[in-house]
Structures are given as structure tokens and as C-alpha cells.
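What follows is calculated from the coordinates using simple rules that are stated; it is not laboratory data. A quick note: this is a predicted structure, and the numbers were derived from the prediction, not measured. Methodologically, a virtual Cβ is constructed for each residue, glycine included, from the backbone with ideal geometry; neighbour enumeration extends over all protein chains shown.
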């Protein structure tokens, strides 16, 4: 009995480590095959379209509402201290530092990551990946690498759109509806937010999230059990794992970037 | 996916949309850089450096503004502790356009509002000699620390009461 439980625990541990190892081997092969992206830029463009363009609508609409909610909530808190003018700082700092990169990554994981997992998983289940291999085409280079790079390019751009639209949403609520001073909103924002400290760090965050979200999605698809049930489980796992990875990494990155 | 027609036409449409997407993303980044962050006002490390020694800088930090007559003319670059004199050494970078700061200028540390951030205020003196790169401002006044002020106030009140 005890030995059975122990062996089950051991198997779980070995499986987890093995899949971690396969994930790293896969990402190494994807990065090693990056020359394919230069040789066939059309593949990359198509993936920027898939991950980026198709996510624009949800990202922009979410950004607008998140910014507007920040404007409302921030106003109610700040007006208690008579510091309504700092609303711009609060909205912009929360968006650029945290919400822009993180929420965009979560949205992309749900919108594009799950689609990538299902796509790769079905390619595997219908033996298209093996078919490519039969034709001496490396499916990792041809199929996975452009998707990874497409995601890495698209993510920071999407996050920037999210933050920019969010600031405009916060401006709309704060200045337009609640009567915060127009000039103070922007000038305090500009004097308190630093280009290197805030904006560049936000972009770095979203680059990291782009790699992680797309990597997890591709790995789960590539590693899926080639059945309809396997693909559906892999899709769920991709979204759950990416969300956890994004939130966990966000803590680590924030501690490193803004720790001192 | 939307119906994009066929062949080259489809590839071209996708390229156009992706181009528009990337342009929109870059515009958003540009908006954040210029409108939201301080890039437009940051200065690019140009200008000349001045130092000043203070007995106490309060909570003055790097990147705090340096103003003359209320107008920002530079930024604090560095705040260090001099272990030989037990003073704080503040390095400021002044805009190159403001090249006529007299060498008997007075440097104060002020607080913006009651709870605001601290900044360096320069009050021009009457000298004909101007400060250059690397010069030190001789006349300084430390930051007002609220606890010290309250302490002094209470102390003087107590003295009055004792008489």
C-alpha cells in the first residue's frame, strides 16, 4: 500500500520532470530553427496576423474598460486625500507596469494560445506533422518556430495598445466625467512615470510573457495525446499553465525590476 | 478567418493588415513614451553637472527636479554620502541652455506641497561669474525635516512656559 502510493508519487514527479525536459528541448529546437523565419518571412507574417491582429479587438476593448474602471476606482480613493490630480499617475503606472503586460498576456493565452494548442494538437492527431517529416521538412522549424516568433513580436505591441487605450479610457472617465484637471492629469503622469524604469520594464515583461505563453501553447499542442480528448485536455492545460506562469513570472519580474 | 480571396491576393491582404497592426502597436508605444512617460522632458544626459553639499537632504532622490524661479532647469542625477565630512553630496545636471547661473547661487531643498516630493530650488545670486561643469554650489540650505521642526517648536514653547 505504502509502496504503491510512493511509486505513484514517483511517477508523477518523473512525468512532470520529463515533460519539463521535453518542453525545454522543444524550445531549444524552435530557437535553433530561427533561420527559417528569415528565409520564409511569409510564415512569420501569417503568424503575427494569427496571434496579433486577431487579438487586437479583445485587447483594445479590454484595455479601454480596464482604464475606465481604474479611473473610477482611483478617483474615489484619491479624492479622499484630496489628491485627484494624481489620477493620471495612478492609472498610467498601473497600466504600464502591471495590467498592460499581464492582462494582455492572459487575453492572448485565452484568445491565441488555446487556438495554437488546438491547431498543433490536431496537426499531430491527423498526422500532418509526421507527414511533413516524411517529406524531410522539419515540422518544428516550419510550423512551430514562426508561431513562437510571431507571438514574441505581437505581444509587446498588443500590450502597448492595451496600455495606451487604457490611459485614454482613464482620461475619459477622470477628466471627462469626474472633472479632474486636464493639465494636471497629463503633467503629473509625465513627471512621475519614467521611460526606462516604467515603460521599458513593461515592454520587457510583455516580451517575456510572449515567449512563455506561446511556448507553453506550442509545447502542449506538440505534446498532446493524438486523440480528440487529448487535444481538448492539452488546450485546457495550455491556458491554465500560461495563466499561472504569467502571474508567477510577473511577481518575479516585478521583484527584480522595482525591488529596490 | 475572413475570406481573403485567393493566392497572392490573400497573402498581400494579410501583409497589409499585419503592417497596419505593427504600425498601430508602434504608435501606441510612441504615445506611451512621449505622452505618458517623461521621455519628452527627460533630457538625454546632456547639460552640465553641478554639485552641492547639504547637511541633510531629507528624502531627495535622483531624478528630482532642479528649479529656478519655479521653472525646471535640470534634474538631480545622484545623491551620495560623503563619509569624510558627513554631508550629502548632490549632483545635478543642468540644461545647457541655462548657462548663466551665478557662482554665489543659493541651493535650497524644498517640498512641493505638504506631502509632495522634494526638489532642489536655486536662487540666483548677484555675481558676474557663472558656474561651469563640475563646479560646486557653496551656499546651501538643508531640507526641512518635519519632526525636527515640531521638536524645535515644542522646545521653544516649553522654554516660553518656563519663564
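A few comments on the model shown:
- Region A:8-28-region A:101-144 distance, computed between alpha-carbon centres (Å): 19 Å
- Listing A:104, B:105, B:111, A:227 from fewest to most neighbouring C-beta atoms within 10 Å gives A:227, B:111, B:105, A:104.
- Number of partner chain Cβ atoms within 10 Å, mean per residue of A:193-202: 4
- Extension reserve of the residue A:194-residue A:133 stretch, reckoned as 0.36 nm per residue once the Cα distance is removed: 17.0 nm
- Nearest 10 degrees, 0 to 90: helix A:228-258 Cα axis against chain A principal axis: 40 degrees
- Helix A:182-192 axis, angle to chain A major axis (alpha carbon atoms, nearest 10°): 60 degrees
- Ranking of B:110, B:153 by count of other Cβ atoms within 10 Å, fewest first: B:153, B:110
- Size descriptors for region A:50-188 (Cα atoms only): Rg and Dmax, in that order, 20.5, 70 Å.
- Across chain A, the relative contact order, built from alpha-carbon pairs under 8 Å that are at least six residues apart, equals 32 percent.
- Three-way shape label, the protein assembly as shown, alpha-carbon gyration tensor, a/c 1.5: prolate
- Approximate spin-label separation residue B:129-residue B:147, in nm, with each point projected 7 Å along Cα-to-Cβ: 3.9 nm
- Zone of residue B:11's modelled label, taken as backbone nitrogen in region A:39-66 under 19 Å from a point 7 Å along Cα→Cβ: A:39-50
- Shielding by other protein chains, A:151-159, mean Cβ within 10 Å: 3
- Calculated FRET efficiency, residue B:78 to residue B:136, Cβ-Cβ distance, R0 = 22 Å: about 0.95 to the nearest 0.05.
- Only helices enter the 222 nm calculation for chain B: every DSSP H run of n ≥ 4 contributes -39,500 (n - 2.57), and dividing by all residues gives -9500 deg cm²/dmol, rounded to 500.
- Nearest-0.05 FRET efficiency for residue A:168 and residue B:95, computed from C-beta distance (R0 41 Å): 0.85
- Exposure proxy ranking for A:214, A:204, B:94, A:120, based on other Cβ atoms within 10 angstrom of each Cβ and starting from the fewest, stands as A:204, B:94, A:120, A:214.
- On the beta carbon distance between residue A:252 and residue A:61, with R0 = 30 Å, the FRET formula returns roughly 0.55.
- Partner shielding of B:12-25 amounts to 6, given as the average count of beta-carbon atoms from other chains within 10 Å of each residue beta-carbon.
- Look at the Cα gyration tensor of chain B: its axes a ≥ b ≥ c give a/c of at least 1.5 with a/b over b/c, and that counts as prolate.
- Computed from label points 7 Å out along Cα-Cβ, the spacing between residue A:122 and residue A:240 is 2.3 nm.
- Helix content alone sets the calculated 222 nm mean residue ellipticity of chain A: runs of n ≥ 4 DSSP H residues at -39500 (n - 2.57) each, divided across all residues, give -25000 deg cm²/dmol.
- Relative to the longest principal axis of the Cα atoms of chain A, the long axis of helix A:145-171 makes an angle of roughly 20 degrees.
- Region A:1-124 shape via C-alpha gyration tensor axes, a/c threshold 1.5: oblate
- When both bridge partners sit in the protein assembly as shown, DSSP labels roughly 75% of those beta bridges antiparallel.
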